[in-house]
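Colleague: Dumping the structure here so I can ask a few things about it.
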Amino acid sequence: MKEILAKLGIEQENPGAFCGEWLGSGKVLESLSPIDGKVLATVRQCTEAEYDQVAQRAHKAFLEWRKVPAPKRGEVVRQLGEELRTVKRDLGALVTMEMGKIIAEGEGEVQEMVDICDFAVGLSRQLYGLTIQSERPDHRMFEQWHPLGVVGIISAFNFPVAVWSWNAAIAAVCGDSMIWKPSSKTPLTGIACAKVAERVAHNNDVDPAVFSLVVGSGSTIGEKLIHDHRVPLVSATGSCRMGHRIGAVVGERLGRTILELGGNNAIIVTPHANLEMAIPSILFGAVGTAGQRCTSTRRIIVHESMKAALCESLVSAYKQVRIGNPLDPDTLMGPLIDTGAVGDMFAALERIKKAGGKVLVGGEKLSGERYPGGCYVTPCIAEAHNDWDIVQEETFAPILYIITYKTIEEAIDLHNGVPQGLSSAIFTDNVQEAGLFLSPRGSDCGIANVNIGTSGAEIGGAFGGEKETGGGRESGSDAWKAYMRRQTNTVNWSRELPLAQGIKFEL
């Protein structure tokens, strides 16, 4: 662990703010590894005065960065992707050490960073505006997209580096600078990424404050960021509760938000499903990252005729999940992020039992020499009803609910009958069922899949959800437009002045 930290420039105590120079004189924050509960390193958090210094530098950097042609900004992002390729193994290991996801997922998360950089490089030559037909003769009307300003990025612990890159790579090619506030549970990965970006910026004579960083609590530094009029856009990933706060504060000052909040994702399994495909998809969706993805599978809505066979296969699969140290390549599920998350899981299980739910497998706390630190659990499957309060909520843990249905219309009603709307899936070989699920009468989520699970979105598509998930979009497709300001232009190249709508205004 020490060798990996050293390679990434992580010291025993680290400054927690960056804006071209490293700052940080606030309270000491310990980064605890959920693997064993031990301290990886400490961070001197950003003070409120240091935040103002960072914000000022980030804005100054934006004023220069916006002048750089977009393809040249793309070249800088290309080099950022190349640098991430060189540190993929070490940064992926740090993700595992600090967050607890298995090493394959840790390295996979860094690969997402590389992929979004590649996407953004191409995007830097495709920030297209439209040419629009004017109703006035000898006039040309068109639209342009201009850099927006300083983008605030607030990320969660479960994807401590990928979510930053989804925003940072796109914002950078759009001509924006940024201030990143990583989760206080995973500050070291934030510092490591800032150091990578710092090297790339210096190599290109770019102000490194384009990629600024602040580590601090939500109640101080987070509040400063969301109230800051110098930050026209805040992109935040986290809980619905957090989203309500950020949306209200930023909206009050008429700023923009991209909110990626909770998910309560379901898979419908119909009588026409291929269970050989459905079972591993459900297993990965529910158990991957120990159920701590916003796209994790929370609910299985299965036709009553399929329930027995599905549950039998799932229980068997769950019993074979190898739980342990996530740095071991044979491990399939590592620990939860901290003991608080473990407490939340068992509080949820108590509520399930009180409501009348039946636990089919799992739901135990693991201890002993193999499971140090108190964060290891067994993934759980429970029979439940969709309208129970606990099922309507998102428990960030490996709890999977089994719910039955009679008709496909009932299944879709159950599927949509929760406050969240992020990711969804149906397993069926019936084209009518698949078509209904993807139709306006089907899934109400931002992501809807057929014969693949809810987890593991590709960067090429816009990522985000509806309802209490926030409605924001990050990553691919045309999500870049949120990071820019649209301007409509009209050029009169005649020697007359006709008015729109045929209005006559003559002296």
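Colleague: Tell me, how many Å apart are the Cα centres for the range 213-280 and for the range 431-497?
Modeller: Rounded to whole Å, the Cα centres lie 16 Å apart.
Colleague: Counting Lys and Arg as +1 and Asp and Glu as -1, what is the net charge of the other residues whose Cβ lies under 9 Å from the Cβ of ALA266?
Modeller: +2
Colleague: Same structure, new question: Among 96-107, 74-85, how do they line up from the highest to the lowest mean number of other beta-carbon atoms within 10 Å? Write out the running numbers ahead of the final one.
Modeller: Values: 96-107: 24.8, 74-85: 20.2.
The peptides rank, most packed first, as 96-107, 74-85.
Colleague: List, largest first, the extents of the alpha carbons of the range 354-465 along their principal axes, each in whole Å.
Modeller: So the three principal-axis extents are 51, 38, 26 Å.
Colleague: I've got another one for you. When a/c reaches 1.5 or more, the comparison of a/b and b/c decides; with that in mind, is the range 1-40 rounded, prolate or oblate per its Cα gyration tensor? Before the final figure, lay out each step's value.
Modeller: Numbers: a/c = 3.15, a/b = 1.47, b/c = 2.14.
Taking the square roots of the gyration eigenvalues as a ≥ b ≥ c, the range 1-40 is oblate.
Colleague: I would also like to ask the following. With the calculation restricted to Cα positions, what are the radius of gyration and Dmax of the range 31-88 in angstrom?
Modeller: My reading of the Cα-based Rg and Dmax gives 17.5, 48 Å.
Colleague: Turning to a different aspect of this structure: Determine one quarter of the surface area of the Cα convex hull of the range 215-312, which equals its mean projected area, and express it in nm² to one decimal. It would help to have the intermediate numbers written out before the result.
Modeller: Numbers: hull surface 34.0 nm².
Spelled out: convex hull of the Cα atoms, projected over all directions, averaged, 8.5 nm².
Colleague: Something else about it: I'd like the distance between the alpha-carbon centres of the range 104-182 and the range 22-42, rounded to an integer number of Å.
Modeller: 31 Å
Colleague: Find, to one decimal place in angstroms, the Kirkwood hydrodynamic radius of the range 236-374, where the mean of 1/r is taken over every pair of different Cα atoms and then inverted.
Modeller: On the way: mean 1/r = 0.0570 Å⁻¹.
After inverting the mean inverse Cα-Cα distance, the result is 17.5 Å.
Colleague: Of the peptides 470-479, 342-351, how do they stack up when ordered by the mean number of other Cβ atoms within 10 Å, highest first? Numbers along the way, then the final one.
Modeller: Details: 470-479: 20.7, 342-351: 16.8.
Result, highest mean first: 470-479, 342-351.
Colleague: Can you give the net charge of the other residues whose Cβ lies under 14 Å from the Cβ of ILE452, counting K and R as +1 and D and E as -1?
Modeller: Numbers: positive: none; negative: GLU276, ASP429, GLU458.
Charge balance near ILE452 sits at -3.
Colleague: So, taking all protein chains as they sit and a 1.4 Å probe, how much accessible area belongs to PHE463, in Å² rounded to tens?
Modeller: Its accessible surface works out to 20 Å², give or take rounding.
Colleague: Then there is this: What ranking of LEU130, LEU507, LEU275, LEU91 comes out by heavy-atom accessible area, probe 1.4 Å, highest first?
Modeller: Details: LEU130 110, LEU507 215, LEU275 45, LEU91 0 Å².
From most accessible down to least: LEU507, LEU130, LEU275, LEU91.
Colleague: Report in % the part of the accessible area of the range 1-67 that belongs to carbon and sulfur, leaving out ligands and nucleic acids; probe 1.4 Å. Could you put the intermediate results ahead of the total?
Modeller: Numbers: 1700 of 3480 Å².
Taking all protein chains in place, the range 1-67 shows 49 percent carbon and sulfur surface.
Colleague: Taking 8 Å as the Cα distance limit and 6 or more residues as the minimum spacing, I'd like the relative contact order of the chain as a percentage. Mind dumping the intermediate values first?
Modeller: Values: 1156 pairs, mean separation 89.2, N = 507.
Dividing the mean separation by the residue count of the chain yields 18 percent.
Colleague: What relative contact order, as a whole-number percentage, does the range 193-255 give when Cα pairs under 8 Å and 6 or more residues apart are counted? Intermediate values should be presented prior to the final figure.
Modeller: Working: 31 pairs, mean separation 15.2, N = 63.
Computed over the range 193-255, the figure is 24 percent.
Colleague: Give me the orientation-averaged projected area of the Cα convex hull of the range 61-103, in nm², one decimal.
Modeller: Projected area, direction-averaged: 4.2 nm².
Colleague: Another question about this same structure. Could you tally the net charge around ASP205, taking each other residue with its Cβ under 14 Å from the Cβ of ASP205, Lys/Arg +1 and Asp/Glu -1? Don't skip to the end; give the middle numbers.
Modeller: Details: positive: LYS67, LYS72, ARG73, ARG199; negative: GLU64, GLU75, GLU198, ASP207.
Counting the neighbours of ASP205, the net charge comes to 0.
Colleague: What are the extents of the Cα atoms of the range 419-500 along their three principal axes, listed from largest to smallest and rounded to whole Å?
Modeller: Per principal axis, max minus min of the Cα coordinates gives 64, 27, 25 Å.
Colleague: A further question on this structure: Compute the Rg/Rh shape ratio of the range 1-132: radius of gyration over Kirkwood radius, all on alpha-carbon atoms.
Modeller: Values: Rg = 18.1 Å, Rh = 17.2 Å.
Checking Rg against Rh, the ratio lands at 1.05.
Colleague: Dividing the alpha-carbon Rg of the range 156-301 by 2.2 N^0.38 Å yields what?
Modeller: On the way: Rg = 18.4 Å, N = 146, 2.2 N^0.38 = 14.6 Å.
For the range 156-301, the normalised Cα radius of gyration is 1.26.
Colleague: Ok, one more. With every protein chain kept in the model, how would you rank GLU276, GLU64 by accessible area, 1.4 Å probe, largest at the top? Could you put the intermediate results ahead of the total?
Modeller: Working: GLU276 160, GLU64 105 Å².
Ranked from most to least accessible, the order is GLU276, GLU64.
Colleague: Continuing with the same structure: Do you know the relative contact order of the range 1-73, to the nearest whole percent, from alpha carbon pairs under 8 angstrom that are 6+ apart?
Modeller: Here the relative contact order equals 28 percent.
Colleague: Given 37 °C and 0.692 mPa s, compute D for the range 118-204 with the Stokes-Einstein relation, Rh being the Kirkwood radius over Cα pairs; round to the nearest whole µm²/s. Write out the running numbers ahead of the final one.
Modeller: Values: Rh = 15.3 Å.
Rounded to a whole number, D works out at 215 µm²/s.
Colleague: Using only the Cα atoms of the range 355-418, what do you get for the radius of gyration and for Dmax, in Å?
Modeller: Rg, Dmax (Cα atoms, Å): 14.9, 49.
Colleague: Follow-up question, since we're still on this one. Against the 2.2 N^0.38 Å scaling, with N counting residues, where does the range 112-167 land? I'd like the Cα-based Rg ratio to two decimal places. If you can, show how the numbers build up before the last one.
Modeller: Details: Rg = 17.6 Å, N = 56, 2.2 N^0.38 = 10.2 Å.
Rg over 2.2 N^0.38 Å, computed on Cα atoms: 1.73.
The values are calculated or read from the model by the stated rules, or taken from the named source; none is laboratory data. All figures in this text were calculated on a predicted structure; none of them were measured in a lab. Positions of Cβ are generated from backbone atoms using ideal geometry, with glycine treated the same way; all protein chains shown enter the neighbour counts. Ligands, DNA and RNA are stripped out before the accessible areas are found, and what is left, the full protein with its side chains, is counted by its heavy atoms. Shrake-Rupley method; radii C 1.70, N 1.55, O 1.52, S 1.80 Å.
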